[in-house]
Amino acid sequence: MTALDLNLNPDELTLGDLEDFEAHTGTTIDKAFKTVPVFDDETGERLFDEKGRPITTTEVSAKTLVCLVWIVVRKSNPDFTVADARNVRVTSLTLSEAPQDGQEKG
């Protein structure tokens, strides 16, 4: 498989996609991509950037990535399965966000 852009555009997701995501991953899509604070490994204190803003990260599980690949690819290839998604190489994935209103993807 060539490069695969996992663009999470809410306008392209259906309620069925969200239901399938929950059934496969055991969580909702918003919880799967929830940002969490970053803490110092030694002190346990929350970390902030140079402007005093909290540093956050998003930890995405392999199960979430498999499900996203399945949901995205099946839109153009209805025969694509979860088993097929499990065989996609990590290096072929590109994650992108949906364009903001008035912006084109690119």
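The values are calculated or read from the model by the stated rules, or taken from the named source; none is laboratory data. The structure displayed is predicted, hence computed values, not measured ones. So basically every Cβ, Gly included, is an ideal-geometry build from the backbone, and we count neighbours across all protein chains shown. Keep in mind that these areas ignore ligands, DNA and RNA; they rest on the heavy atoms of the full protein, side chains included. Shrake-Rupley method; radii C 1.70, N 1.55, O 1.52, S 1.80 Å.
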* To do: Considering only residues that are of a type in the set (K, R) and part of a loop (DSSP other than H, G, I, E, B), look in region 86-106 and name the one that is modelled with the lowest pLDDT.
  => K105
* Answer yes or no as to whether A83 is loosely packed, with under 12 Cβ neighbours inside 10 Å, modelled with pLDDT of 95 or more and on the phi < 0 side of the Ramachandran plot. => yes
* Residues of region 15-53 being farther than 13 Å from L68 by Cα, free of Cβ contacts under 8 Å to residues at least 12 places away in the same chain and of a type in the set (A, V, I, L, M), which ones? -> L15, L47
* Asked: Got at least one residue in region 68-76 being open to solvent by 60 Å² or more (accessible area, probe 1.4 Å) and of a type in the set (S, T, N, Q)?
  -> yes
* To do: Collect the residues in region 41-67 that are exposed (fewer than 10 other Cβ atoms within 10 Å of the Cβ) and within 15 Å of L6 (Cα to Cα), keeping them in residue-number order.
  => A62
* Asked: Can you spot a residue in region 23-40 that is in a loop (DSSP other than H, G, I, E, B), among the polar types (S, T, N, Q), open to solvent by less than 50 Å² (accessible area, probe 1.4 Å) and touching a helix residue (DSSP H, G or I) at 6+ places or on another chain (Cβ under 7 Å)?
  -> yes
* Structure fact -> From the option list R46, R74, single residue qualifying as at pLDDT 95 or above and among the basic types (K, R) is R46
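Residue-by-condition table, conditions (1) within 25 Å of T91 (Cα to Cα); (2) more than 13 Å from the chain's Cα centre (by Cα); (3) among the aliphatic types (A, V, I, L, M):
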position: T25; (1), (2), (3): yes, no, no
position: F33; (1), (2), (3): yes, no, no
position: P37; (1), (2), (3): no, yes, no
position: R46; (1), (2), (3): no, yes, no
position: K51; (1), (2), (3): no, yes, no
position: P54; (1), (2), (3): no, yes, no
position: L65; (1), (2), (3): yes, no, yes
position: V72; (1), (2), (3): yes, no, yes
position: N77; (1), (2), (3): yes, yes, no
